[in-house]
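Visitor: Below is the structure I would like to discuss, written out as structure tokens.
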Amino acid sequence: MHTPTVPRQDTKAWKLQVWVSFGVAATLCGTGLAYLPGADLDRAFMVMGYVFCLSTAFALAKYVRDNEGRRIDTPMWGLVVWGGFALAMALTGWGLYRMEINPTYKAYLGVCWLFLISSVFTLAKTLRDAHDVLIAQARRDGMAMRGQAE
């Protein structure tokens with residue numbers, strides 16, 4: 001009888017590092033946006049841009065992972081996901097570029113923003129890997145129970 005292999009689990013240290021990285025990135029972004037000088041409209045635009053980027057990055061990570069082996073989503077959904085991510089990144093970058101604030105502050109917000117996006121992709125992959133491990137373990141346990149019943 002062939003027993004399916006279980007995907008390798010991430011270490012606790014890796015999971016901690018991923019969550020800490022995401023938390024630090026979100027905190028740095030939140031701090032930068034909270035103390036953003038300038039007009040309230042600019043601040044609101046940037047907050048919406050960061051949230052838009054955050055949500056589209058999670059959606060893109062899921063889309064890419066779901067379609068890794070074979071395409072399961074429609075081409076239109078792919079266009080929506082990729083287009084949404086590109087639009088979120090472009091509009092947020094444009095908003096940051098056109099804001100009339102100190103260049104050092106712009107650099108801080110830009111680096112925090114890219115750190116956040118990078119950590120989102122890492123977090124999404126880590127969460128999905130953990131989910132895959134749980135599914136593989138459940139299948140293995142189900143096959144073992146079926147084998148004992150026979």
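The values are calculated or read from the model by the stated rules, or taken from the named source; none is laboratory data. Note that the coordinates shown come from a computational prediction; the quantities given were computed from them, not determined experimentally. Here the Cβ is made from the backbone with ideal geometry for all residues, glycine too, and neighbour counts use every protein chain on show. Surface areas here come from the heavy atoms of the whole protein model, side chains and all, with no ligands, DNA or RNA. Shrake-Rupley method; radii C 1.70, N 1.55, O 1.52, S 1.80 Å.
Visitor: Placing +1 at every Lys and Arg Cβ and -1 at every Asp and Glu Cβ, with all other atoms neutral, what dipole size does the stretch 75-150 have around its Cα centre, in debye to the nearest 20?
Guide: Numbers: 7 positive and 5 negative charges, 16 e Å.
With Lys and Arg at +1 and Asp and Glu at -1, about 80 debye.
Visitor: Additional query: Could you report the accessible area of Val47 in Å², rounded to 10, computed with a 1.4 Å probe on the protein chains as they sit in the structure?
Guide: Accessible surface of Val47 is approximately 60 Å².
Visitor: Let me ask something else about it. May I ask you to compute the full-extension gain from Ala107 to Tyr35, defined as 0.36 nm times their residue separation minus their alpha-carbon distance, rounded to one decimal in nm? Numbers along the way, then the final one.
Guide: On the way: separation 72, 0.36 × 72 = 25.92 nm, distance 1.43 nm.
Gain on extension, Ala107 to Tyr35, equals 24.5 nm.
Visitor: If you look for lysine pairs in the chain that are eight or more places apart or on different chains, how many of them have Cα atoms under 20 Å apart?
Guide: Values: Lys12/Lys125; Lys15/Lys62; Lys15/Lys125; Lys62/Lys125.
For the chain, qualifying lysine pairs total 4.
Visitor: In Å², what does the accessible area per residue of the chain work out to with a 1.4 Å probe? Display every interim value, and only then the final one.
Guide: Details: 9830 Å² over 150 residues.
Per residue, the chain has 66 Å² of solvent-accessible surface.
Visitor: Another question about this same structure. Could you sort 67-74, 33-40 so that the peptide with the highest average Cβ count within 10 Å comes first and the rest follow in order?
Guide: Working: 67-74: 9.8, 33-40: 12.1.
Top of the packing list down: 33-40, 67-74.
Visitor: Express the relative contact order of the stretch 1-146 as a whole percentage, based on alpha carbon pairs under 8 Å and six or more residues apart in sequence. Working shown, then result.
Guide: Numbers: 101 pairs, mean separation 67.5, N = 146.
Worked out over the stretch 1-146, it gives 46 percent.
Visitor: Which listed residue (Gly142, Tyr35, Leu109) has the Cα farthest towards the positive end of the charge dipole for the chain, taking +1 on Lys and Arg C-beta and -1 on Asp and Glu C-beta about the Cα centre?
Guide: Gly142
Visitor: Once you have a ≥ b ≥ c as the square roots of the Cα gyration tensor eigenvalues for the stretch 73-150, tell me rounded if a/c is under 1.5, and otherwise prolate or oblate according to whether a/b is larger than b/c. It would help to have the intermediate numbers written out before the result.
Guide: Working: a/c = 10.04, a/b = 2.57, b/c = 3.90.
The shape class here is oblate.
Visitor: Which percent of the accessible heavy-atom area of the chain goes to carbon and sulfur, probe 1.4 angstrom? Kindly include the intermediate steps, with their values, before the conclusion.
Guide: Values: 6650 of 9830 Å².
About 68 percent, which is the carbon plus sulfur part of the accessible surface.
Visitor: I've got another one for you. Return the FRET efficiency for the residue pair Val64, Gln148: r is the Cβ-Cβ distance, R0 is 41 Å, and the value is rounded to the nearest 0.05. Intermediate results must be reported in sequence, preceding the final value.
Guide: Values: r = 39 Å, r/R0 = 0.94.
Calculated transfer efficiency: 0.60.
Visitor: Over the heavy atoms of Trp14, what accessible area does a 1.4 Å probe trace out, to the nearest 10 Å²?
Guide: Its heavy atoms expose roughly 100 Å² to the probe.
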